[in-house]
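FYI, it's all coordinate maths here, none of it is from the lab. Remember, it's a predicted structure, so these values are computed and weren't measured experimentally. Note that each Cβ is placed from the backbone with ideal geometry, even for glycine, and that neighbours are counted across all protein chains shown.
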Amino acid sequence: VQLVESGGGLVPAGGSLRLSCAASGLAFSTYAMGWFRQAPGKEREFVAAISWIVDSTYYTDSVKGRFTISRDNAKNTVYLQMNSLKPEDTAIYYCAAGRIAHTDYAPYYNYWGRGTQVTISS
């Protein structure tokens, strides 16, 4: 199984980024997908999740209304559209795959990518 994130970068506050996570080696349409992030000196935290039912999503409060998670099962890809970015969104963003829907509990995710760096300048 391989999860590969892309789309990170450096943007000013208020800007937007779209992260992608391409999955291979698993039955993608049967997995819940999640995005987590880890800022320097902080623990990894949950950002968003989407179940195998494509319109069922779940967000941490700090990103509600700004971030949107979506998936394309035909492309084995999950996305995270991030708008109105803030300096506190700066982190390495990881995607993960698991069998438990709507969970923010990292150990429930079986597979992880290596992450993509997102840096928001003030």
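I need the shape label for region 21-78. Rule: rounded when a/c is under 1.5, else prolate if a/b > b/c, else oblate, with a, b, c from the alpha carbon gyration tensor. Since a/c reaches 1.5 but b/c is at least a/b, the shape of region 21-78 is classed as oblate. Placing a label point 7 Å from the Cα of Ile100 along the Cα-to-Cβ direction, the residues of region 56-72 whose backbone N falls under 20 Å from that point are 56-61. Extent of the chain along its three principal axes (Cα atoms, max minus min coordinate, largest first): 40, 27, 24 Å. Of the trypsin sites (Lys or Arg not before Pro) found in region 41-122, those that fall in a DSSP loop while having at most 13 other beta-carbon atoms within 10 Å are Lys42, Lys64, Lys75, Arg99, Arg114. Cross-link partners for Lys86 among the lysines, with Cα-Cα distance under 24 Å and sequence neighbours closer than 8 places in the same chain left out: Lys42, Lys64. Modelled label positions at Glu88 and Ala39, each set 7 Å beyond Cα in the direction of Cβ, lie 0.7 nm from each other.
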